[in-house]
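Take a look at the structure set out below.
Read-outs throughout are calculated quantities, based only on the coordinates presented, and are distinct from any laboratory measurement. Small disclaimer: the values here were computed from a predicted structure and weren't measured. Please note: Cβ atoms are built from the backbone with ideal geometry, for glycine as well, and neighbour counts cover all protein chains shown.
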Amino acid sequence: MSLRSLSLVFQRHISSKTPLFTNAFHNPTNAQYREQLPNQIPSPSPAKSHMVSTYNLTTSSPSNKMIRAYLKNGDLDSARQVFDKMTLKTIFTWNLMLTGYSKPGTLKQALQLFNQIPQPDVFSYNIMLACYFQNSEIDHAHLLFDKMPVRDSASWNTMISGLCQNGMMPKAHRIFSSMPNKNDIAWSAMISGYIQNGDLKSAVDLFNQMPEQDKGVFSSTAMVTGFMSFGEIELAQKLFDKMPDRNLVTWNSMVAGYVKNGRAEEGLKLFRVMVQMGVRPNPSTFSSVLLGCSDLSGLELGKQIHQLICKLPLNLHPTCGTSLLSMYSKCGDLENACQMFDKMCRRDVVTWNAMISGYAQHGLGEKAIGLFDEMRKGGKKPNWITFVGVLLACSHAGLVELGIQYFNSMEKDYEVEVKPDHYTCMVDLLGRAGLLSEAVELINKMPFKPHLAIFGTLLGACRIHKKLELAEFAAQKMLDLDPWSSAGYVQLANVYATMNRWDNVARIRRLMRDNKVVKTPGYSWIEVKSVVHEFRSGDRIHLQLDSIEKKLEELEKRMKLAGYVPDLNFALHDVEEERKELILSRHSEKLAIAFGLLSTPQGTQIRVFKNLRVCGDCHNATKFMSLVERREIIVRDTTRFHHFRDGICSCGDYW
Ligand code: ZN
Ligand code: ZN
């Protein structure tokens, strides 16, 4: 997993004196790029883009400008006041005001206004049509469409995409079939409609029926997006390669598609091509790219993207700011995440959520709760994701009572729907506090079918509190839900191992073999100088293995002097003691940390990532490593970050 080639290119771009994207903007003859000029960038969903293009109206008078500004800020009342005071209203003014009402919940006002327009034009009808769809008034939309004196292509497109968005595909197709001059947008609306309604086959069929001369960038992009959302990456790439014209949405769909399908490295490589071709990325591009950096734990790469964003400059854009914050937090750099948060002047609920869950995952429960209080005091409305962060924070900080309070107040005080994820957080919270029977009771009371994660969480709590019977019950439930998942078996074997029940460990092993369940191999990775180094348990591959082994031996001596005793229970291998110690000392995270100590300057932080839970011995050993080496070591495992400093871990030894 080498990111070097990718990062070098960015490095060069960043250090070059000439602005990166000059060519793209000063080359108006290039048809391909003309479409990518910022004001003409179509919205990611072509089906929606034309429905109500609210703010593109020609508004010359100061009053019109004021109305427009108020509407942009969502201040309908003030916009209406200006509107009512105007003595001379043009059709533009009427349409402008009408667009303000084209959202869910203001249909009545929209209709009143529409009926007052002295001479409504086709645009007024189109806005009204969109209003009906926004409020799911399909029949009324139909009636209006039927009695429209004139229809333009936007009327047809609004009708088609409105029906698609309401899941009425046969009706949409009937309208589409009767549309006189079908354009690219109409085709793309139909294709997107099928995709959004989960019907890839019909989308492909329709796309293939499209006459060659109609085949434009919108419908091809809709198809690329469709392939990606169904995980058909190769088909998406093939179509993308064939496209004569691509716009920003096309590129974004491809980059996002790779990242969402777990192929972040390829997504980032494509992003590099995009930049090289002079296509100017927008916040949506960066949100995918930074997500890709998080997936690869590529902090250095993320930092280079950050510089690129500053250069554009898009760093003040809320989406970019939040994506950067998230990237820093997920790559283990909480300090930079906090800095991003402090710098942002426009914070939406996503921003707050990212910072709250960032604190929670890094074990700073109290800070997360403090931030949540600040958010509420500032009048921001929390959503269900906020509460996942808050409950996680309570759990990590051991704030049982407070967690229960928040959980109970979600629906009552905040009108936030309780989801299975919240129950999982609660089981974690109760389990941590040793309230296992309460946790089981909560699972039994759940209004949903219990899912895999909730039993996994319960099993984790059983391991800590050594509750064998309940652990067996939770593991059985996990196996019932997913007989091929190794997690249940491995966790249960861990519980047996901690209690020296080796006969049972062996039984679980046999069971896994008989059921052909493959244990996910543990591996850890660390980024040094923009290169990701991966280590597997008992690794014999890495080039510097000799010096890593020497380092580990030397470390172990000093750690033992400081009081470290290897916990052989975690070896999970029923072999003689000395051998056990060796296997244990070669767990992948220990190799990665030793490599990190060797290849980074004294005193700097080390960040290691692991695909599984950190075992008890590695956790203990890392505490000692941080002590004897005087280094802050940050380890991210499946659920959280452990910050080891001066022999103590931020998780308080419960994870
Ligand atoms: Zn370990
Ligand atoms: Zn820890």
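For region 439-543, what class follows from the C-alpha gyration tensor (a ≥ b ≥ c being the square roots of its eigenvalues): rounded when a/c is under 1.5, otherwise prolate if a/b is larger than b/c, else oblate?
Taking the square roots of the gyration eigenvalues as a ≥ b ≥ c, region 439-543 is prolate.
Angle between the Cα long axis of helix 436-445 and the longest principal axis of the chain, 0 to 90 degrees, nearest 10?
30 degrees
Which lysines does LYS85 reach when only Cα atoms under 17 Å apart count, and residues fewer than 8 places away in its own chain are ignored?
Filter leaves LYS65.
Amide H to amide H, which residues 5 or more places from CYS649 or on other chains are under 5 Å from it, using H placed in the peptide plane?
none
What angle do you read, to the nearest 10 degrees and between 0 and 90, between the alpha-carbon axis of helix 299-311 and the longest principal axis of the chain?
30 degrees
Using the 10 angstrom Cβ neighbour count as an exposure proxy, how do LEU143, LEU402 rank, fewest first?
The order, fewest Cβ neighbours first, is LEU143, LEU402.
Just in region 392-492: which GluC sites (Glu not before Pro) are loop by DSSP and have at most 14 other Cβ atoms within 10 Å?
GLU415, GLU417
How long is region 276-320 along each principal axis, judged by its Cα atoms, biggest number first, in Å?
26, 24, 16
GLN81 to LYS529: FRET efficiency via 1/(1 + (r/R0)^6), r the Cβ-Cβ distance, R0 56 Å, to the nearest 0.05?
The value I calculate is 0.40.
Considering only DSSP beta bridges whose two residues both sit in the chain, what percent are antiparallel, to the nearest 5?
Percent antiparallel among DSSP bridges in the chain is about 80.
Across region 605-651, what fraction of all alpha-carbon pairs, as a whole percent, falls in each successive 10 Å bin from zero upward?
Over region 605-651, the share of Cα pairs per 10 Å bin runs 32, 59, 8 percent.
Based only on other Cβ atoms within 10 Å, what is the fewest-to-most ordering of THR351, THR87?
THR87, THR351
Just in region 121-186: which chymotrypsin sites (Phe, Trp or Tyr not before Pro) are loop by DSSP and have at most 14 other Cβ atoms within 10 Å?
In loop regions of region 121-186 (DSSP not H, G, I, E or B), there are no sparsely surrounded chymotrypsin sites (Phe, Trp or Tyr not before Pro).
Can you work out the Karplus-derived ³J(HN,Hα) for every residue in region 515-530? Use 6.51 cos²θ - 1.76 cosθ + 1.60 with θ = phi - 60°, whole Hz, and x for glycine or proline.
8, 6, 8, 9, 6, 5, x, x, 9, 10, 9, 9, 9, 10, 6, 6
Taking the Cα-to-Cβ direction at VAL628 and at VAL518 and moving 7 Å from each Cα, how far apart do the two end points lie in nm?
Between VAL628 and VAL518, the label points sit 3.7 nm apart.
What number do you get for region 250-405 when its Cα radius of gyration is normalised by 2.2 N^0.38 Å, N = residues?
Against the empirical 2.2 N^0.38 Å value, I get 1.09 for region 250-405.
Can you tell me the length gained on complete extension of the stretch LEU543 to ASP241, counting 0.36 nm per residue apart and subtracting the Cα distance?
That pair, LEU543 and ASP241, stretches by 104.9 nm at full extension.
Quick check: residue separation of ASP646 and GLU401 times 0.36 nm, minus the Cα distance between them. What number comes out in nm?
Full-extension gain reported as 85.2 nm.
Pairs to check: LYS269/LYS516; LYS381/LYS445; LYS171/LYS238; LYS269/LYS529. Give those whose C-alpha atoms are more than 26 Å from each other in this structure.
Long pairs (Cα-Cα over 26 Å): LYS269/LYS516; LYS381/LYS445; LYS171/LYS238.
Please report TRP251, TRP384, TRP525 as a ranked list, fewest other C-beta atoms within 10 angstrom at the top and most at the bottom.
Taking fewest neighbouring Cβ atoms as first place, the list is TRP384, TRP525, TRP251.
Find the Rg to Rh ratio for region 106-238, where Rh is the Kirkwood radius over alpha-carbon pairs and Rg uses the same atoms.
Rounded to two decimals, Rg/Rh equals 1.03.
How far is it, in nm, from the label point at ALA506 to the one at GLU415 when both lie 7 Å from their Cα along the line to the Cβ?
6.2 nm
Over all directions, what mean area does the Cα convex hull of the chain project, stated in square nanometres?
33.4 nm²
Going through region 400-498, which trypsin sites (Lys or Arg not before Pro) have at most 15 other Cβ atoms within 10 Å and a DSSP loop state?
Passing sites in region 400-498 are LYS466.
Nearest 10 degrees is fine. How inclined is helix 91-100 to the longest principal axis of the chain, computing both from alpha carbons?
Approximately 30 degrees, to the nearest ten.
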